[in-house]
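The values are calculated or read from the model by the stated rules, or taken from the named source; none is laboratory data. The model shown is predicted, which means the values in this text are computed figures rather than measured ones. Reconstructed Cβ throughout: ideal geometry from the backbone, glycine too, with neighbour counts over all protein chains shown. Accessible surface is based on the protein model in full, side chains and every heavy atom, while ligands, DNA and RNA are left aside. Shrake-Rupley method; radii C 1.70, N 1.55, O 1.52, S 1.80 Å.
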Amino acid sequence: MPPSALDRLARMNPTTVFLAALVLVLLGLFLPDALGGVLLLALVGGLAAVLTRTWRLQPPGVRALRVLVLVLVGTVALTKIF
């Protein structure tokens, strides 16, 4: 059975994953309106999928912070699109 995406993500360097997400957020902020907004929404969707799969493994304070960040990035994305 091939490894799942979460298995591959778990083996990645956390710093690399963070920096890749940061680069995508910065690209989304600096790209033109709709293109940047769509990129940010795609990032929010991917991170939300990972968040839901790992929800039980995180302490409550970390959960709240991650949800807050997703809501803020999603709000910025929708503001850029509309």
Cα-based shape type of the chain, given that a ≥ b ≥ c are square roots of the gyration tensor eigenvalues and the cut on a/c is 1.5: prolate
Which of THR15, VAL76, PRO2, positive extreme of dipole for the chain (C-beta unit charges): PRO2
Relative contact order for the chain, counting Cα pairs under 8 Å that sit 6 or more residues apart, in percent: 35 percent
Portion, in percent, of the accessible area of the chain that falls on carbon or sulfur, probe 1.4 Å: 76 percent
Label point 7 Å beyond Cα of ALA49 along Cβ direction - residues of the range 1-43 with amide nitrogen under 14 Å: 4-9, 41-43
For the chain, size of Cβ-based charge dipole, Lys and Arg +1, Asp and Glu -1, in debye: 280 debye
GNM top mover of GLY36, GLY28, GLY46 - the chain, alpha-carbon springs below 10 Å: GLY46
Distance between the range 9-32 and the range 41-82 - C-alpha centres, whole angstrom: 13 Å
